[in-house]
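Readers should treat all values here as calculations from the given coordinates under stated rules, not as data from a laboratory. Because the structure is a prediction, the values reported are computed rather than measured. Cβ sites come from the backbone with ideal geometry, for glycine too, and all protein chains shown count toward neighbours.
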Amino acid sequence: MIEIHGLSIDLGEFHLRNINLTINDGEYMVLLGPTGAGKTVLLECIVGIYRPHAGRILVDGTDVTRLFPEERNVGFVPQDYALFPNMTVKRNVAYGLRARRAPDDEIEPKCDEMMKSLGISHLHHRLPLNLSGGERQRVALGRALITQPRILLLDEPLSALDENLRAELAAELVRIQRSLHGTFLHVCHSLDEAADVADRVAIMRDGTIVQVGTIAEIIARPASLFVARFTRARNFLNGTARPAACGCRIDLANGVSLAADRCTAQGPITAVIRPEDVQILNGAFQDTDGVIRGRVMSLRAKPMFTEILLDAGISLVVLDRTGRTQEAHVGDELLVRVPPEVVNVFPRSPDA
Amino acid sequence: MSGELLGKRTQAHLLVSAFYAVTVLLLIASCWLFVSNLDQLFPKPAARAVAGMSKWKTAGPSRSEFGGGFWRDAAFWRSVNLTVVTATGTMLLAAAIGIPAAYALSRYRIPGRSAIDILFSSIIVLPSSSIGLCLIIMMQQSPLFKLQEATGLRLVYTLPGIIVVQLVLSLAMGMSAWRAAFDRVNPRFEQVARSLGSSGWRAFVTVTLPAAKPGIIAGLIVAWVRAAAEFGGILLFCGTFAERPAGSFSSAARLLHVQQADPLSVSMWAQIEYGNVEYGFAIGFTLVLISAISVYTIHKLGGKTFVW
């Protein structure tokens, strides 16, 4: 288990402020956030490249905050993989074992086994310069994993790869992590990449962690407007909230009113509704609460859904994954329903 | 309009042609200089009668009348010895001080790093005779003078003083190449090596140094060549040694066969001053050969970008 308590560091351009995070054994945790959020700096603090100004890092209960990198047994795969250019693939993979003075008769079979499991046995005499992106990633993984680190830190391991390869290698990372029962901390800035690999996600912004949870939790219940925007919520509606029997009543523009099951803010608020959570009504419906009648302003067919812009006194973006709007045209009337449980309410801020 | 374009194109052609013409002329002049002195390699009939010349003052023919075959002169080989020994010693000292310093400047945020950069760059552009003068003042008129008196170790006008002068410029030039070499090596390599269990020193030796090898070697060669070519500073700080009494040299100097010898650069000047112009040319030819081989080696090792 990795525990980070109150970690802070100031590097001028980048900083971390009071980071608290726990990564359980066998967990695949993703650090997600925009560029400059401090994700790589946090990783580098765990590796031991930087010494934090405050806070502690515990690995399996041992305080490693003041230890050198070579004393922490933490594996690190940087963004550019940093394969040693003067060594062959096999020597790269074996480096950690040689550094720890493993017996020679142990190094060879362990190397062969690791390279075979990663499908890179055929590369053993090649130099890093002559490898493709996917091959370099596997060699870097093999080099880090062969020393059986307590946690493996991956800094944007898929960002340098093309889209097709990215999905394939994301699945490969998960397979390796499961087979080794390893603890992985993976840094990225793509929600899709995080969704492909993560057990839990920690979202970072400006050197702090703003929310931790599963992808589903973060998408359904973002902790802030920033998280909602980062997880691609689309409908940000300004209005006024007041407590009600159902939980919360939100009055929006042009007489439109919605219910929310929780009143996390009152007075001037911003309501966030994910496009895919809006229900398209077809035929009879029992519950009229949250029903909105609107006119179709635009229809955009995408591979897996149709994106509809609805004018209902408020602008609402709706995603149709069911195919119900196949016959719809611009200008048609459409009935939609916003269930109370999908409405997230935040105090209105200048960011909105 | 088309007239203007034609005019500009003609101007460009003329410029390029002029550039090529100047380059070809320089090449011809350099080759002529070498070729015209090649006869110095071959002793003339009068010289063959002489078994060897160790003292140019006392032997019959002067060095110009010696008629070539400078490689038969023991004094020439003592100069070569002195040049090689001092340049090698300087190179090793410069490496011992400069490589760690260059690594530190490359990797760590040292206070005053800009000032250090400016200082070393200034040394490179200073005339070497100015450096010699500064060193004399430093050694003769500062607390260092008292230190020399107390320890009995004198540097001014001595053979070890040659290394002091050579070190100043060799260190500056070597550090320029070594710093560039380390700047080019991604610090991530060491970070990853340490995360794999390697100590800082082991990471440096097994990962950083091999990756920086072309630049390190280029720096060593530059330091050696700069030391071997040093002239003005040595002349001012050490003077000449060829005419000093044999007894004034230490046993170490006699063991290394460097007694009564000047470095090749000083010896070349001395011979021309004394009127033995062809001999001076021959020594100059030797120095050019040494430089050419060094430059070729730097190119071959891929170290060119670390030097110029």
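Give the Kirkwood hydrodynamic radius (Å, one decimal) of region A:126-165, defined as one over the mean of 1/r across all pairs of different Cα atoms.
Working: mean 1/r = 0.0885 Å⁻¹.
Over region A:126-165, the inverse of the mean reciprocal pair distance is 11.3 Å.
Given the Cα-Cα distance of residue A:86 and residue A:253 and 0.36 nm per residue of separation, how much length would full extension add, in nm?
Values: separation 167, 0.36 × 167 = 60.12 nm, distance 6.56 nm.
Stretched fully, the residue A:86-residue A:253 segment lengthens by 53.6 nm.
Across peptide A:64-74, what mean number of C-beta atoms from other chains lies inside 10 Å of a residue's C-beta?
3
Starting with the highest mean, order B:254-265, B:111-122 by the number of other Cβ atoms within 10 Å, averaged over the residues of each peptide.
Working: B:254-265: 21.1, B:111-122: 11.7.
By packing density, highest mean first, the sequence is B:254-265, B:111-122.
Does region A:2-227 come out rounded, prolate or oblate, given a ≥ b ≥ c as the square roots of the eigenvalues of its C-alpha gyration tensor, rounded meaning a/c under 1.5 and, failing that, prolate meaning a/b above b/c?
Working: a/c = 1.91, a/b = 1.43, b/c = 1.34.
Taking the square roots of the gyration eigenvalues as a ≥ b ≥ c, region A:2-227 is prolate.
With bins 5 Å wide starting at 0, give me the P(r) of region B:37-307 over every alpha carbon pair, in whole percents.
Calculated P(r), rounded to whole percents: 1, 6, 11, 14, 15, 14, 12, 10, 8, 5, 3, 2, 1, 0, 0.
Label points 7 Å out from Cα along the Cβ direction at residue A:295 and residue B:74: separation in nm?
11.4 nm
Shielding by partners for B:202-213, please: the mean number of other protein chain Cβ atoms within 10 Å of each residue's Cβ.
3
Would you order B:17, B:129 from fewest to most other beta-carbon atoms within 10 Å of each residue's own beta-carbon?
Sorted ascending by nearby Cβ count, the order is B:17, B:129.
Gain in length, residue A:79 to residue A:281, computed as 0.36 nm per residue apart minus the alpha-carbon separation, to one decimal in nm? Display every interim value, and only then the final one.
Working: separation 202, 0.36 × 202 = 72.72 nm, distance 4.67 nm.
Additional length available on full extension: 68.1 nm.
Just rank B:71, B:201, fewest to most, by other beta-carbon atoms within 10 angstrom.
Values: B:71 13, B:201 8.
With the sparsest Cβ surroundings first, the list reads B:201, B:71.
Below 8 Å, C-alpha to C-alpha, sequence gap of six or more: please give me the relative contact order for region B:37-307 in percent.
Normalised by residue count, the contact order of region B:37-307 is 27 percent.
DSSP beta bridges in the protein assembly as shown, what fraction antiparallel, as a percent rounded to 5?
75 percent
Explain nothing, just the number: dipole magnitude of region B:37-307 about its Cα centre with +1 on each Lys and Arg Cβ and -1 on each Asp and Glu Cβ, in debye rounded to the nearest 20.
For this selection, approximately 760 debye.
Go through B:179-190, A:126-137 and give me the packing order, highest mean Cβ count within 10 Å leading.
B:179-190, A:126-137
Would you please give the FRET efficiency between residue B:244 and residue B:20, computed as 1/(1 + (r/R0)^6) with r the Cβ-Cβ distance and R0 = 45 Å, to the nearest 0.05?
So, using R0 = 45 Å, E works out to roughly 0.35.
About the Cα centre of the protein assembly as shown, how large is the charge dipole given +1 on each Lys and Arg Cβ and -1 on each Asp and Glu Cβ? Please answer in debye to the nearest 20.
On the way: 64 positive and 57 negative charges, 406 e Å.
I would put it at about 1940 debye.
For the pair residue B:31/residue A:159, report the inter-label distance in nm, with labels modelled 7 Å from Cα in the Cβ direction.
5.5 nm
How do A:94-106, A:73-85, B:268-280, A:111-123 rank on mean C-beta neighbours within 10 Å, highest first?
A:73-85, B:268-280, A:111-123, A:94-106
Compute the label zone of residue A:129 within region B:158-187: residues whose backbone N is under 19 Å from the point 7 Å along Cα-to-Cβ.
Hits in region B:158-187 for residue A:129 at 19 Å: B:181-187.
Please find, in a Gaussian network model of chain A (springs between Cα atoms separated by less than 10 Å), the residue of A:231, A:22, A:208 whose mean-square fluctuation is greatest.
A:22
Counting only C-alpha contacts under 8 Å and six or more residues apart, can you give the relative contact order of region A:1-123 as a whole percent? Kindly include the intermediate steps, with their values, before the conclusion.
Numbers: 130 pairs, mean separation 25.3, N = 123.
Across region A:1-123, relative contact order equals 21 percent.
If r is the Cβ-Cβ distance from residue A:266 to residue A:190 and R0 is 45 Å, what FRET efficiency results, to the nearest 0.05?
Values: r = 35 Å, r/R0 = 0.78.
Efficiency, rounded to the nearest 0.05: 0.80.
Between residue A:66 and residue A:101, 0.36 nm times their residue separation minus their Cα-Cα distance comes to what?
In short, 10.3 nm is gained.
About the Cα centre of region A:235-347, how large is the charge dipole given +1 on each Lys and Arg Cβ and -1 on each Asp and Glu Cβ? Please answer in debye to the nearest 20.
The calculation lands at about 160 debye.
From Cα pairs below 8 angstrom and at least 6 apart in sequence, can you work out the relative contact order of chain A, rounded to a whole percent? Numbers along the way, then the final one.
On the way: 725 pairs, mean separation 55.8, N = 352.
Over chain A, the number comes to 16 percent.
Tell me which trypsin sites (Lys or Arg not before Pro) from region A:23-83 have a DSSP coil assignment and no more than 16 other beta carbons within 10 Å of their own.
Listed in order of number, the matching sites are A:66.
Under the definition of partner shielding as Cβ atoms of other protein chains within 10 Å of a residue Cβ, what is the mean value for peptide A:79-88?
4
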